[in-house]
Amino acid sequence: MKRLDQLHFDNRFARLGDDFSTAVQPEPIAEPRLAIASEAALALLDLDPAEAQRPEFVRLFSGNALWRDAEPRAMVYSGHQFGVYNPRLGDGRGLLLGEVVNEAGEHWDLHLKGAGSTPYSRMGDGRAVLRSSIREFLASEYLAALGVPTTRALCVVASATPVWRERKETAAMLLRLSPSHIRFGHFEYFYYTRQHGALRQLLDFTRANHFPDCADDAALFRAVVERTAEMIAAWQAYGFCHGVMNTDNLSILGLTFDFGPYAFLDDFDARFICNHSDDTGRYSFENQVPIAHWNLSALAQALTPFVPVEALRETLGLFLPLYQAHWLDRMRRRLGFTQAEEADTELIQRLLQLMQGGAVDYPNFFRALGEQPAEAAVGTLREEFVDLAGFDAWAADYCARVAREGGSAEARRARMHAVNPRYSLRNYLAQQAIEAAEAGDFAPLHELHAVLSRPFEEQPGKERYTERPPEWGKHLEISCSS
Ligand code: AMP
Ligand code: MG
C-alpha cells in the first residue's frame, strides 16, 4: 500500500512533445471538499484507502497541489461530432497530469477533468459541474463492477467555485484513470492536418505501449476493431446507452469513455435516445452498433497513409460478426445458457421484441428469470408482458432450451446471478444522489456507490435500490451541458 507521495510517474505521452499536447497548469477550485473516492480505483494505483481522507488528497485532485513529477498536459485531437468533422477539439477542460506506474507495472493516466481552461477550450470555461462529475464517477465504477470495459474514476472533488450552465452550479473535478487517453480523434487530427510524420509517431507509440502483440499497423487496427466490438456488445447486453458516440469520445483501447448524457435502460426500448440534443436519434440505443462501425471507418480513413485500403476494408468487415458473437455470448450467459445452439439468436431477438415498447423492466427481468427455476420464473414474469400468447410461446421454447442444458436449478441460479445484477445504476437513483450532493450531503452518493460496487451480491436492507423508477424518474432528460 502506497501513500500519495510515493506514486511513481513515467510520463510517456508527455515525452512525445508539443505536437501532441501542450503544457498547462491546473486552475484550482475554491473550498475543495471530497465528494467521493473509489476504493477499487485507489487499489489500481496501490493507494491505501485511508489516503483519500487526507487533506493532501483533496488538494491534489482540485488543482491546489501537484506532484513534483507530474507534467500536466492538454492533448490535441479532433473528431467527427454527430457525423460532422470538427478539425480542432482537444482537452478543453481536462489535463493529463501524468502516468503512474503501479506495482504490477501497469501505466495509469491520471486525467483531471474540470481543471480549467486550455488552448483547446474554445468558448468553454474549462470547468465541469458537480452533477456531471458524479454521473461519470458512478457510471465508470458501476460498469467496471459489471465487467464492462471502461475508464475508471478515482474521485470527485466538489467546490464553491461558481459555474454557469442553464443555471448557476458549482465546479467539481473528477480524476479519471485509464491506461491511455488516446482517442480515435487523435489519429484523425494528424491525418486531416496532413502531419503524417506525427501520425506515424502516434501509431508507433500506441502499438509499443498499448498493443505490444500487434506486429504492424494493420494488426493494430484489427485489435481496435475487436475491442470496440467487445465493448459495444457489452453495452447492448446491459442496456447501456452512451449518448455521444463522437469519434473523439471513442477510446483506442475499446473502453467506455467520456460519459455525457448516458443512460441505462429501465424499460426496454431499442429506439431509446438518452441525449436530449440528439434530435435525429443518431446515437439511439440500437444505433450504437452501426455507429461504432461508422466510427471505426472514420479511424480507418485516418490510417490510409500507412495501411492499404483493401486491408482496412477487410478488417472493417469483421466488426459486425465479432460484435454479434460477443453479444450472443453475453446474452446466452444472461439467459443462463452454457452451451450454444443455432436457434439462440432468434430466441433472444424474440424476447427483445416482446419487451420492445412495453413495460418490462430490462435489468430486473434477467435477475428475476434466474431467481426461480425456469418454469416458475416465466410464470411470475408473464404478468409484465402485453402479448401474452407471444410470451407463452417464447417461455415454452425457453424452458425447453433450459431443460436441454441439464444441470441443477441451483447451479443455473448461481450462474445467472453472477452475470445479472441485482442493483442497477438508474437515472433516478443518480439524480437523488446528485440532488443531495448539491445540497452538501454526500451520504446518499456514498451509499449508492457502495451498493453498485457489488452489483451481483444480495445486500440485505438495500432493496430500495432495486425499485423501478417512480413516474418523475422515468424519462429524465439529461442535459448535454456538463
Ligand atoms: P465532450 O462533450 O465533453 O466530449 O467535449 C467535447 C469537446 O468540448 C472537447 O474538446 C472538450 O474538451 C470540450 N469541452 C466540453 N466542455 C467544455 C468546457 N466547459 N470548457 C471547455 N471545453 C469544453
Ligand atoms: Mg469528449
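Below, the figures for the structure above:
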| read-out | value |
| --- | --- |
| Exclusive hit being within 16 Å of ligand 1 (Cβ to nearest atom), among the acidic types (Asp, Glu) and open to solvent by less than 50 Å² (accessible area, probe 1.4 Å), set Asp258, Asp217 | Asp258 |
| Total residues in the stretch 251-279, condition of a type in the set (S, T, N, Q), at pLDDT 95 or above and over 26 Å from Thr466 (Cβ atoms) | 1 |
| Residue count, the stretch 114-126 (criterion: modelled with pLDDT of 95 or more, within 9 Å of ligand 1 (Cβ to nearest atom) and closer than 21 Å to Asn86 by Cα) | 7 |
| Ser408 being among the hydroxyl-bearing types (Ser, Thr, Tyr), open to solvent by 10 Å² or more (accessible area, probe 1.4 Å), under 30 Å from Ala160 (Cα atoms) and not assigned by TED's automatic domain parsing to the domain that holds Ala153 | no |
| Contacts under 9 angstrom Cβ, first residue in the stretch 248-276 being basic (Lys, Arg), partner away from ligand 1 (no atom under 14 Å from the Cβ), 6 or more apart | Arg271/Gly281; Arg271/Ser284; Arg271/Phe285; Arg271/Glu286; Arg271/Asn287; Arg271/Gln356; Arg271/Gly357 |
| The stretch 81-93 - residue that is open to solvent by less than 20 Å² (accessible area, probe 1.4 Å) and at negative phi and, of those, farthest from ligand 1 (Cβ to nearest atom) | Asp91 |
| Tally, over the stretch 177-207, of residues that are surrounded by fewer than 24 Cβ atoms within 10 Å (Cβ to Cβ) and of a type in the set (D, E, K, R) | 4 |
| Filtered residues of the stretch 278-292 (kept if open to solvent by 60 Å² or more (accessible area, probe 1.4 Å) and touching a residue at least 12 places away in the same chain (Cβ under 8 Å)) | Glu286 |
| So Ala74, is it at pLDDT 95 or above, among the aliphatic types (A, V, I, L, M) and more than 16 Å from ligand 1 (Cβ to nearest atom) | no |
| Unmet criterion (only one of (1) more than 25 Å from the chain's Cα centre (by Cα); (2) within 26 Å of Arg367 (Cα to Cα)) for Tyr323 | (1) |
| Selection count where residues are of a type outside the set (Lys, Arg), farther than 14 Å from Ala35 by Cα, in a loop (DSSP other than H, G, I, E, B) and in contact with a strand residue (DSSP E or B) (Cβ under 8 Å, 6 or more places away or on another chain), scope the stretch 417-469 | 2 |
| Residue check, Leu96 in contact with a strand residue (DSSP E or B) (Cβ under 9 Å, 6 or more places away or on another chain), within 13 Å of ligand 1 (Cβ to nearest atom) and in a strand (DSSP E or B) | yes |
| Subset tally (residues that are away from ligand 2 (no atom under 15 Å from the Cβ), part of a loop (DSSP other than H, G, I, E, B) and within 8 Å of the chain's Cα centre (by Cα)) for the stretch 139-153 | 2 |
| Pairs with Cβ under 9 Å, 6+ apart, first in the stretch 115-138 and among the hydrophobic types (A, V, I, L, M, F, W, C) and part of a loop (DSSP other than H, G, I, E, B), second modelled with pLDDT of 95 or more and within 11 Å of ligand 1 (Cβ to nearest atom) | Ala115/Ala74; Ala115/Asp91; Ala115/Arg93; Ala115/Gly94; Ala115/Leu95; Ala115/Gly126; Ala115/Arg127; Ala115/Ala128 |
| Evaluation of Val307 against (1) in a loop (DSSP other than H, G, I, E, B); (2) open to solvent by less than 10 Å² (accessible area, probe 1.4 Å); (3) under 30 Å from Tyr398 (Cβ atoms) (one fails), failing number | (3) |
| Per-region count, the stretch 76-89, residues within 11 Å of ligand 2 (Cβ to nearest atom) and touching a Lys or Arg at 6+ places or on another chain (Cβ under 9 Å) | 3 |
| Odd one out for Val386 among (1) touching a Pro at 6+ places or on another chain (Cβ under 7 Å); (2) hydrophobic (A, V, I, L, M, F, W, C); (3) part of a loop (DSSP other than H, G, I, E, B) | (1) |
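Yes/no matrix, rows are residues, columns are (1) touching a Ser or Thr at 6+ places or on another chain (Cβ under 9 Å); (2) open to solvent by 10 Å² or more (accessible area, probe 1.4 Å); (3) more than 16 Å from ligand 1 (Cβ to nearest atom):
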site: Asn209; (1), (2), (3): yes, yes, yes
site: Phe240; (1), (2), (3): yes, no, yes
site: Asn249; (1), (2), (3): no, yes, no
site: Ile252; (1), (2), (3): yes, no, no
site: Arg271; (1), (2), (3): yes, yes, yes
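The values are calculated or read from the model by the stated rules, or taken from the named source; none is laboratory data. If you're wondering where the values come from, they're calculated on a predicted model, not measured in any experiment. Quick reminder, even Gly has a Cβ in these numbers, built from the backbone with ideal geometry, and neighbours come from all protein chains shown. Areas reflect the complete protein model, heavy atoms only, side chains present, ligands, DNA and RNA absent. Shrake-Rupley method; radii C 1.70, N 1.55, O 1.52, S 1.80 Å.
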